Each structure stands twice: as structure tokens, then as C-alpha cells.
Amino acid sequence: MTSTQQKPKTYANDVCMSLENVTISYGNFEAVRNVYIDIPHGQVTAFIGPSGCGKSTVLRALNRMNDLIPGCHLKGRVIFDNYDLYEPHVDPVEVRRRIGMVFQKPNPFPKTIYENIAFGARINGYRGDMDELVERSLRKAAVWDECKDKLQESGLALSGGQQQRLCIARAIATEPEVILMDEPCSALDPISTLKIEETMHELKRSYTIVIVTHNMQQAVRVADMTAFFNAEAVEGGSGKVGYLVEFSETERIFNAPAQQSTQDYVSGRFG
Amino acid sequence: MTTDSSNDAFTLRRRPPLERFLDTGFRQLTLALASVVALLLLGIFLTIAEGAHEAIGTFGAGFLVSSAWDPVNNQYGALVAIYGTMVSSLLALAIAVPLGVGTAIFITEDLIPTRLRSAIGLMVELLAAIPSVVLGLWAIFVMEPAIRPALELLHRLLGWTPFFDTIPQGPGMAPAILILVVMILPIITAISRDALNQVPLELRQAAYGIGSTRWGAIFNIILPAAISAIVGGVMLSLGRAMGETMAVTMIIGNSLNFSFSLLAPGNTISAMLANQFGEASGIQVSALMYAALVLMVLTFIVNVLAQMLVRRFSLRY
């Protein structure tokens, strides 16, 4: 158990997950089409783009959270650990245990802080010292100092920023390999946001992180790689369909993007 | 104070007296309407207690443990009816709660296609629309003959216990329990379904996001979050089961002899009231009132206990 904790430092171009020609649709409506991304191991990858471009949809596809949405369908392949996550024999529960998620709105369980952490670990068959795991997870999520005296109080008694870090701790406690974050700071104040970003810098030593953000400054601050999504109207269709414009090092996306639309978006000239 | 609009621009707008009157009036009105419920309950309680006064004086607490119900000699004890009420309603709950909550889970948790789900939901609601006298008739002519072989089997296998030691011969406690199940199932299912639907999506996502299995998420998170509303529904249905008169009276056998056996004819307080009130006179009326008072107090106690349980076990989000 403890040995999986220390992952060997990997090379920057070591691929953790890769999306191959992924198209996701809700019913008959295509949300995002033909996405190719290689998410590198042990780094922070950010998805940016205007609302409705499908970046959250793509993120949720990475651990099959879209399965919970009726009518959601994926074409293409999502490769993780040499498996296509959408093969029929793959168990989505197992996928979500290895690829954790932090949501847009802090959503701790209405249980004690201790139980919030212990619940996930327990269902994953953790047999070790639970007190130690709770402390370690809360420390990693940089919320231990605020929580240590009230582990038996409800998780909902914490402030919004603390709740979100509790949710990060909860995700860490199941020992995933990848952590997905869907606009984790959009409901938080700047100070809490900063704390979560610092936490992410710590976390990427042990985990691969994928984050969706509307905040371009945040992408610059935390991400090594950035994918820019955009949406275009489809001929004859009523809605817009999202697509990947460009995926590259964050520095390049923000300073010397290959596409004009990326340039327009990151410099704020976007429509 | 004379006002003109330019002066008032920077002050609070003065509310006209009529608007203020409507506001306070509405508040008083809702208060009055809400009090009506409490007053009604109190009024019913007092009326019944007043009517029961004579029987309480005559029979005292012995009324609760005596099984004599003898209008000729004016000796009354309600044990048969109290036992029948408790056993029939609690066993009906024991069967209907798992069935109803299970159905609710089945039709809310995305286990089957939406169209099938709404079809099942609709059927459950239609079940609630059947008048109880129709259910009673159905119980007499269809259900009871149909289940009698099963009851006879129970008697053969478990006849050595006091609960199955009589031969099933038509009306009895067991068919009454089953018809109660049919009557309370729609209430439990409909309320549980609404309660489960109201569990926030974020909470479900949280559970699934850390790798809960579907059953893990349902039993550890979703059900506990919905439990207080579900228990509310169960309490409503318990009230219905205890108070249900027509169908039960038609199938329970209305026996005045005490028997532990579920296969024997029995009685409930409500069935007894319905059967005897018409031709009762003198202290028998008072004894029936006493029985009704016992029914009210029983319901009240069960409700309070349930509220305490809910407070212990629910997840408040």
C-alpha cells in the first residue's frame, strides 16, 4: 500500500491517458467531436475554452462519470494503462477508483470530516490505520490544520474553500492515479483558490492532474500543458459542437499559439 | 406629511396602509389556518376522552389486557382488538416497507429504461386509487382462496408455533395483513420515490466519484439522505394501516376470541368500531370510545418513536 504511494518520477512526455478520436453526444446532440489528447504523466493538464465547448464533458469522460447521465454516448477510445476504458468488460467503478474526481461545487458527504475520508478508503478495501490515512490525506490536501480539532464535526460545517479541500482529501484517500478537477475553484474566493492551487502543485508529485478552468490565469499558474477547446455552429444543426483547437505546453498556448482563435481567446478578444 | 415624488426619491418608499394591512392580515390568516389543525386534533382527542370516561372509570387499565368482550354482561376488554391492530399493521409494514422502498429505488436509480420506469410508477399510483371496499371484495373472493394453499403449507410446516397453530378456514389475520400491504404499498412507494429523487445530484456524484458501486452509493449515501422523508411516508402508511376499516373488516373475520395465530380470525380496533358502533348502547359505546382512545395513543407513540429513530440515522444535507 505504502509502496504505491511513491511513484517513480516520470518523464514529461510519458503518456498517462490518451484520447483517440473521442466524440461525445447527448442523445442525438453532439457535444464535442474528434478529440485527440495525450495527457502526460505526473503533470497538470488544463482544459480551457468558452462555455459549452465540451471541456467538462471530456473531463467527465475520463473516469466514466458521463455514464450517470442518461443518453450520453461516447465514440472513439480513451486509453489508460493500456486499456480502453469504454470496452464492455471494463468496470466503471474500478475506473473511478483509479481516476478520482473533484467537482465544481464542493460536495462533502453530510457526515463527519473523518467519515468523509474514511468512507472512500473503506469501500476501496483499505485495511491499514484509518486515523493515519485520514491525517495523511487531510495534510496532503492542506486542510489538516483547520480540521484536526473537529474531525467528528460535519463536513458541511467547514467553509466553502475548506470543503473543497476536504473533497480533494477524500479523492486522495482512495489512492487514485489520476485526479480530475472540474472547475474546482469556481465557487471559491481568491485566497481559497490560491490554497487549492498550492495544493495542486504538491499533488502533482504523486498524481496526474487534469483540471477544467474558466480562469486563464489559473491555467497559467498551475498547468504544465493546456488544451484549448472551442465551439462552432454546425451546418443545419441547432446547437454548437465543441472541438479541440490546440493542445500544447501552457507557455506556448498563452504566448505563441499556433491557431489564431487560441490567440484571440487567451488575449481576451474572443467574441 | 405631503409627498411629492422628487422628495421621496432618496427615502424608502412608504407602503400604503392597505398593503401593510394585507401583509399582516395574511400572516394572521395563515396562523389561524395552521391552528385549526392543532385545534381539530385536540378537539377529537377531548371528545373521545370524554366519551371514554365512563369505561375508563369502570374497567381501568385492565381494559387493555382483558380479552373479554361481552355485551350481554357488560364486560369489556380490548386485548383482541389491540393485539390485532398492532400485529396486522406492523406485519403489513414489515412486508410493505422493503417492497415499497425497493420499488422506489428500482424506479429512481436508473436501473431500467425511463419508459418502463414511468409505467411502473403510474401503476403504483393507480393502485392507490382503488377504493378499499373493492379491495375487500377482491380479498374475499380472489385473494383469500388463492393464498389458502400457501397458508395451509405454513400451518403444516410451522403449526407447532403459536402463530400458525390453527387451520386456515377463510377470513383471518393473514389475508387482512396482505390486503393492508396492498393498500399501503402505493403510499410508501410514491413518497420514497419523491424522497430519492430529491437527493441532490452533487451527493450522488460524490458517491460515484470516489468509486462507490451502485449499491454502495444507494445504501450508504442516497438512502440515508432520503431516509427522513421515507420514514415520514412509512408513518403515514402506518396510520392508514392502523385506521383502515372497510377492507380489513371484510376479511379479518371479526372474532372476539383471542388467538396468537395469524391463520385464525382476528379483529382490529377500527374493524371493531365499524362493526359495533351502530347497535351499541350504554357502556358499550363508552368502551368503544376507550378503544378508539387507545388507537390514538398507540399511533401517537409510534410516531414519536419513529421521529426519534429518524433523528439518529438520517444524513442531513
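Assorted remarks:
- Residues of segment B:259-303 satisfying the condition of being open to solvent by 60 Å² or more (accessible area, probe 1.4 Å) and either β-branched (Val, Ile, Thr) or free of Cβ contacts under 8 Å to residues at least 12 places away in the same chain (or both): B:277, B:278, B:279, B:281, B:297, B:300, B:301
- Total residues in segment A:236-255, condition modelled with pLDDT of 90 or more and open to solvent by 60 Å² or more (accessible area, probe 1.4 Å): 5
- Number of positions in segment B:304-317 that are over 23 Å from residue B:200 (Cα atoms) and surrounded by 15 or more Cβ atoms within 10 Å (Cβ to Cβ): 1
- Under the condition of being outside any loop (DSSP other than H, G, I, E, B) and either of a type in the set (D, E, K, R) or touching a Gly at 6+ places or on another chain (Cβ under 7 Å) (or both), the residues counted in segment A:29-58 number 7.
- Pick from segment A:71-84, criterion over 17 Å from residue A:56 (Cβ atoms) and assigned to a loop (DSSP other than H, G, I, E, B), ranking: nearest to the other protein chains (Cβ to nearest Cβ): A:81
- Restricting segment B:200-219 to residues that are open to solvent by 50 Å² or more (accessible area, probe 1.4 Å) and within 7 Å of chain A (Cβ to nearest Cβ), the residue that is farthest from residue A:94 (Cα to Cα): B:202
- Candidates are the residues of segment A:118-153 that are within 14 Å of chain B (Cβ to nearest Cβ) and aromatic (Phe, Trp, Tyr); the one that is surrounded by the most Cβ atoms within 10 Å (Cβ to Cβ) is A:119.
- Restricting attention to segment A:169-187, the residues that are closer than 20 Å to residue A:64 by Cβ and assigned to a loop (DSSP other than H, G, I, E, B) total 6.
- Residue pairs meeting the criteria (Cβ under 9 Å; at least 6 apart or on separate chains; first acidic (Asp, Glu), in segment B:123-138; second surrounded by 13 or more Cβ atoms within 10 Å (Cβ to Cβ)): B:125/B:186; B:125/B:189; B:125/B:190
- Number of positions in segment A:108-117 that are within 11 Å of chain B (Cβ to nearest Cβ), buried (at least 24 other Cβ atoms within 10 Å of the Cβ) and touching a Gly at 6+ places or on another chain (Cβ under 7 Å): 3
- Among the residues making up segment B:269-295, those that are within 22 Å of residue B:46 (Cβ to Cβ) and touching a Ser or Thr at 6+ places or on another chain (Cβ under 6 Å) are B:269, B:270.
- Among (1) within 9 Å of another protein chain (Cβ to nearest Cβ); (2) open to solvent by less than 40 Å² (accessible area, probe 1.4 Å); (3) not in a helix (DSSP H, G or I), the one test that residue A:105 misses: (2)
- Any hit, segment B:21-43, residues being open to solvent by 100 Å² or more (accessible area, probe 1.4 Å), more than 19 Å from residue B:274 (Cα to Cα) and of a type in the set (Asp, Glu): no
- Segment A:85-102, subset among the hydrophobic types (A, V, I, L, M, F, W, C) and outside any loop (DSSP other than H, G, I, E, B), residue surrounded by the fewest Cβ atoms within 10 Å (Cβ to Cβ): A:93
- The residues on offer are A:166, A:156, and the sole one that is closer than 22 Å to residue B:225 by Cα, open to solvent by 50 Å² or more (accessible area, probe 1.4 Å) and not in a loop (DSSP other than H, G, I, E, B) is A:156.
- Evaluating residue A:200 against the criteria (1) more than 14 Å from chain B (Cβ to nearest Cβ); (2) out of contact with any Asp or Glu (no Cβ under 9 Å at 6 or more places or on another chain); (3) open to solvent by 30 Å² or more (accessible area, probe 1.4 Å) leaves one unmet condition, (3).
- Enumeration of residues in segment B:235-253 that are in contact (Cβ under 8 Å) with a residue 60 or more places away in the chain, of a type outside the set (A, V, I, L, M) and closer than 26 Å to residue B:300 by Cβ: B:237, B:239, B:244, B:245, B:249
- Residues located in segment A:207-218, provided they are surrounded by 18 or more Cβ atoms within 10 Å (Cβ to Cβ) and either more than 12 Å from the chain's Cα centre (by Cα) or of a type in the set (Val, Ile, Thr) (or both): A:208, A:209, A:210, A:211, A:212, A:213, A:216, A:218
- Taken over segment B:62-105, the criterion of being in a strand (DSSP E or B) and open to solvent by 20 Å² or more (accessible area, probe 1.4 Å) is satisfied by B:69, B:70, B:75.
The values are calculated or read from the model by the stated rules, or taken from the named source; none is laboratory data. Here the structure is a predicted model, which means the values were calculated and not measured. Ideal geometry is used to build each Cβ from the backbone, glycine not excepted, and the neighbour counts take in all protein chains shown. Accessible surface areas use protein heavy atoms only, side chains included; no ligands, DNA or RNA. Shrake-Rupley method; radii C 1.70, N 1.55, O 1.52, S 1.80 Å.
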